[in-house]
Every structure is written in structure tokens, then in C-alpha cells.
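Reviewing the structure listed below.
The values are calculated or read from the model by the stated rules, or taken from the named source; none is laboratory data. In this text, all values refer to a predicted model and were calculated from it rather than measured experimentally. Ideal geometry is used to build each Cβ from the backbone, glycine not excepted, and the neighbour counts take in all protein chains shown. What goes into the accessible areas is simple: the full protein's heavy atoms, side chains included, and nothing from ligands, DNA or RNA. Shrake-Rupley method; radii C 1.70, N 1.55, O 1.52, S 1.80 Å.
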Amino acid sequence: MRLISLVLLGALCGLRLQAQSNHETVLLWPAGAPGAQGTADSDKPSLILYPASGSNKVPTAVVVCPGGGYAHLAIGYEGTDVAEWLNQLGISAVVLKYRLGPKYHHPVELWDAQRAIRYLRAHAADFGIQTNRIGIWGFSAGGHLASTTGTHFDNGDPNAADPIDRQSSRPDFMILAYPVITMQEPYVHQGSLHNLLGEKPDPGLVQLLSNELQVTANTPPAFLFHTTEDQTVPVENSVNFYLALRKAGVPAEMHIYLKGRHGVGLAEKDPVLKTWPEHLADWLTAAGFR
């Protein structure tokens with residue numbers, strides 16, 4: 001009986017591995033990423049592809065940035081699980097495996113996120129999406145990366161030899177879940193600050209990457225989710241970013257829940273917090289992305 005159980009367990013594990021392998025992974029820079037400090041997987045930023053299919057497919061795609069304090073990636077509950085949820089809405093997704101500190105500092109992480117946006121624009125026909133319906137979704141430190149991408153972008157280089165580099169890096173919308181936004185006291189998440197900018201960060205970079213200070217009228221619209229009792233990333237990160245968007249006239253929606261720890265992901269097992277993705281789905285519809 002034990003042998004049969006082990007065989008069945010092995011078969012199930014094999015099915016799980018096969019299911020995971022159905023999602024293609026592509027390197028953002030097949031010939032080597034700019035600023036790479038080695039040849040390990042951690043030196044090679046990549047995307048896990050989750051193209052949508054089926055009758056409910058819409059021409060929208062999202063770059064998903066897992067959190068992890070710029071030191072590791074919560075690739076499951078803030079990455080692949082999220083991509084699968086988007087697929088259920090008919091939205092294509094790519095999960096970004098960006099480079100991390102303390103080995104890599106700014107602007108490397110931003111380069112990786114910008115490249116992901118450009119990649120989707122360059123491959124819009126392959127995904128069946130529109131180039132003006134490409135968003136970015138980040139959790140925690142991934143939310144800082146997403147909001148950095150939404151406040152620090154360019155139109156691309158029309159003369160670049162690489163067709164991906166010709167594309168704009170501006171996301172068309174942002175989804176920010178319990179995001180790190182500021183690099184300044186008193187609301188900064190110290191781990192994200194030091195992993196991204198080093199132990200003695202340059203004051204100019206601290207201000208530049210405090211994204212509540214970088215909002216303009218051209219910043220893309222945003223949906224924000226946070227909890228009041230978050231003890232890791234203070235809720236003021238979201239509140240101050242929302243107020244900056246509001247002041248600049250950028251469309252934004254924010255949902256702040258009373259209870260809930262940091263890092264809940266989609267919160268599928270929490271009877272209250274599990275409603276936040278429903279609000280997000282409604283916002284995507286109202287904003288014209290679904």
C-alpha cells in the first residue's frame with residue numbers, strides 16, 4: 001500500500017511539474033542583460049508567460065512584479081497565482097523575475113521592469129493585445145518597482161537596433177497591492193531601501209525614488225489596496241501616493257481594509273480581504289481594460 005501511495009504521489013508531482021512547464025519562460029535579454037554581474041539565473045531577468053485564451057479573452061496584458069523586499073521574490077502567491085487569476089478574467093500576464101539586491105541596485109531593477117513593458121508592446125500581436133492596454137501590478141517591494149515604472153518612463157529609442165528598445169516603457173495602468181512607495185522617513189520600508197539603494201543611499205536617489213513625489217499628470221491611472229494594520233509597510237505609502245495622484249488629476253481608486261497583515265496576496269482564505277480582487281476586477285472593467 002505504501003508503494004502504491006508513493007507511486008501515486010510521484011505521478012501527481014509529475015503532473016504538477018508538467019503543468020508548470022506549460023508556461024514558457026523567456027529571457028528579457030537573451031544575449032545578456034545590461035549590468036549583469038554573472039551568469040547565474042539570478043543574473044538573467046526573465047518573464048514567465050501566461051497568455052490568455054478562451055471566449056472571454058480581452059486585449060489587455062499585465063506585468064506582475066512579486067514582492068520580497070528587493071531581496072527575494074514571492075513568485076507563487078504574488079506571481080504565478082496572480083497571473084492565473086488574471087487569465088480567468090481573460091487578461092494575459094507575464095510574471096517578472098527581476099534582479100535583486102543587495103547584489104543589484106537601482107537602476108537595474110527598473111531596467112528589468114521597463115524591458116518587460118517594452119517586450120509586451122513589441123510582441124503585442126503574438127499575445128493578441130493592444131499596445132495601449134498594458135499594465136503593471138506589484139506587491140510590496142514589487143509595488144515600489146511598479147510605481148517606479150509608472151513614474152519613471154520614456155518613449156523608447158526609435159533608432160534602436162533592437163525592436164524592443166524602440167517601444168515606450170510607460171505602463172497604461174498600475175495595480176499596487178500594499179506597496180512600498182516612499183524611500184523617506186517616517187514611512188519607508190528599511191529593507192527595501194537598503195537592498196535597492198545600499199546601506200548609505202544617496203539623498204538625491206532617495207528623493208527620486210520616493211514615488212509619491214514623482215507623480216505628474218502623465219502618470220498612468222492606478223488601483224491601490226492596503227490594510228490599516230499593516231505593520232511592515234505603513235498604509236501611508238498608499239494614502240500619500242493616492243493623494244499625489246488626486247492632486248495631479250490622475251484617475252485612481254483605493255481600498256483600505258481595517259484588518260489584515262502584510263503580504264496577503266489575493267487573500268483567498270480571508271473572508272473579508274478576499275473581496276479586494278473583486279473590487280480590482282470591477283475597476284479594470286470601469287477603466288476600460290476588461
Review point. Do you know which residues across the stretch 113-130 are out of contact with any helix residue (DSSP H, G or I) (no Cβ under 8 Å at 6 or more places or on another chain) and within 19 Å of residue 68 (Cβ to Cβ)?
Key: 116
Revision key, fill the gap. Given the conditions (1) of a type in the set (A, V, I, L, M); (2) open to solvent by 50 Å² or more (accessible area, probe 1.4 Å); (3) closer than 13 Å to residue 237 by Cβ, every one holds for residue 146 apart from (2)
Point to revise | Single residue of the stretch 33-55 satisfying the filter (free of Cβ contacts under 8 Å to residues at least 60 places away in the same chain and open to solvent by 70 Å² or more (accessible area, probe 1.4 Å)) that is farthest from the chain's Cα centre (by Cα) | key: 55
**Study point:** Residue tally, condition in contact with a Lys or Arg (Cβ under 6 Å, 6 or more places away or on another chain) and surrounded by fewer than 16 Cβ atoms within 10 Å (Cβ to Cβ), over the stretch 260-273
**Key:** 1
Review point. Hey, any hits in the stretch 177-200 for a residue that's closer than 30 Å to residue 130 by Cβ, aliphatic (A, V, I, L, M) and either in contact with a strand residue (DSSP E or B) (Cβ under 7 Å, 6 or more places away or on another chain) or modelled with pLDDT under 95 (or both)?
Key: yes
Point to revise | Hey, residue 100 out of contact with any strand residue (DSSP E or B) (no Cβ under 7 Å at 6 or more places or on another chain) and under 17 Å from residue 141 (Cα atoms) or not | key: yes
Revision key, fill the gap. Of the conditions (1) in a strand (DSSP E or B); (2) more than 13 Å from the chain's Cα centre (by Cα); (3) not charged (D, E, K, R), the single one that residue 135 does not satisfy is (2)
Exercise for review: Please indicate, with yes or no, whether at least one residue in the stretch 270-286 is of a type in the set (Gly, Ala, Ser), more than 20 Å from residue 84 (Cα to Cα), at pLDDT 95 or above and not in a helix (DSSP H, G or I).
Suggested key: no
Check your understanding: residue 127: in contact (Cβ under 8 Å) with a residue 40 or more places away in the chain and farther than 25 Å from residue 104 by Cα, yes or no?
Key -> yes
Review point. Residue check: is residue 124 buried (at least 21 other Cβ atoms within 10 Å of the Cβ) and of a type in the set (Gly, Ala, Ser)?
Key: no
Exercise for review: Please report, ordered by residue number, the helices (runs of 4 or more DSSP H) entirely within the stretch 171-259 with at least 3 residues that are open to solvent by 10 Å² or more (accessible area, probe 1.4 Å) and more than 30 Å from residue 282 (Cβ to Cβ).
Suggested key: 190-197, 203-208
Review point. Only one of these conditions is not met by residue 90: (1) more than 17 Å from residue 42 (Cβ to Cβ); (2) open to solvent by 20 Å² or more (accessible area, probe 1.4 Å); (3) of a type in the set (Gly, Ala, Ser); (4) in contact (Cβ under 8 Å) with a residue 60 or more places away in the chain. Which number is it?
Key: (2)
Practice item. Answer yes if at least one residue in the stretch 132-140 is open to solvent by 20 Å² or more (accessible area, probe 1.4 Å), modelled with pLDDT of 95 or more and farther than 19 Å from residue 245 by Cα, and no otherwise. Key: yes
Point to revise | Of all residues in the stretch 4-52 being at pLDDT below 95 and hydroxyl-bearing (Ser, Thr, Tyr), the one that is nearest to residue 75 (Cα to Cα) | key: 21
